[in-house]
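The values are calculated or read from the model by the stated rules, or taken from the named source; none is laboratory data. Because the structure is a prediction, the values reported are computed rather than measured. Methodologically, a virtual Cβ is constructed for each residue, glycine included, from the backbone with ideal geometry; neighbour enumeration extends over all protein chains shown.
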């Protein structure tokens, strides 16, 4: 599972453009988030996309909804939307990846599982002023190798 595949969760932070329930609107994660590549720490050998924007419309104990727009070096953009249950159980998010999400106040956690035993565990927290989201993750290749990374997002 590629890091861009992982980014589609979450951060997507990880999320659908339409507004969620009234309770979801109160979530501190709801809003548009822009990847800050200068502050992020990518896994070794990985290139940052030209641009990455996550739009979270709901992030609460019931659901996580988001869209993710990734612009690659050739200027092409890829937009994906997700709507997942946030009860900690694994659900499919595409043909070969499952993900589990939980939201607990100001902490958004996810684990992605790929088809060959790869995992990506991510924990996102907000700054005190809710203008920055820091997502700390660990990628496991399914063979015992693990790489850590930090994605920093600024609220738009």
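Odds and ends about this structure:
- Residue ID - surrounded by the fewest Cβ atoms within 10 Å (Cβ to Cβ), chosen from residues in region 46-61 that are closer than 17 Å to residue 104 by Cα and at pLDDT 90 or above: 60
Yes/no per residue for (1) assigned to a loop (DSSP other than H, G, I, E, B); (2) buried (at least 16 other Cβ atoms within 10 Å of the Cβ); (3) modelled with pLDDT of 90 or more:
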residue	(1), (2), (3)
14	yes, yes, no
19	yes, no, no
24	no, yes, no
38	yes, no, yes
44	yes, no, no
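- Among the candidates 102, 69, 81, residue that is touching a strand residue (DSSP E or B) at 6+ places or on another chain (Cβ under 8 Å), at pLDDT below 90 and not in a loop (DSSP other than H, G, I, E, B): 81
- Every condition in (1) under 24 Å from residue 89 (Cα atoms); (2) surrounded by fewer than 17 Cβ atoms within 10 Å (Cβ to Cβ); (3) at pLDDT 90 or above holds for residue 2 except the one numbered (3).
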